[in-house]
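This report refers to the structure that appears directly beneath it.
Every read-out reported here was derived from the displayed coordinates using simple, explicitly stated rules and does not represent laboratory data. Nothing here was measured: the structure is a model prediction, and the numbers come from that model. We place every Cβ from the backbone using ideal geometry, glycine too, and count neighbours over all the protein chains shown.
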Amino acid sequence: MHEHQSPGYVDDKADLLKRLKRAEGQVRGIARMVEEDVYCIDILTQVSAATKALETVALNLLEDHLSHCVAQATAEGGPVAEEKLREASAAIARLVRS
């Protein structure tokens, strides 16, 4: 874990948790569909919905990180700012590849 004062998402925590619980329910539903031998396309549709839900969480976290952690670090400058920018860039690359 990185040292920090408070996470950038602290104001959106309740919404993020709600979205994650919804995605968790979707994934459980997908597992149930597989267990019940549901038609492949119907399962794929649900996988797409769960993926979209997690992407929304990821984009919200990224936005909060950029506007809080990265903005604060760049205002201070120096090696910490460079590291925060590298981290954000790597996170964006991972999201784009997924």
Condition check for L44: among the aliphatic types (A, V, I, L, M), surrounded by 14 or more Cβ atoms within 10 Å (Cβ to Cβ) and out of contact with any strand residue (DSSP E or B) (no Cβ under 8 Å at 6 or more places or on another chain): no
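Quick one: which residue in A58, A23, A49 is crowded, with 16+ Cβ neighbours inside 10 Å and touching a residue at least 12 places away in the same chain (Cβ under 8 Å)? Don't jump to the end; show me each part of the working.
Numbers: A58 fails: crowded, with 16+ Cβ neighbours inside 10 Å; A49 fails: crowded, with 16+ Cβ neighbours inside 10 Å.
After ruling out the rest, the residue left standing is A23.
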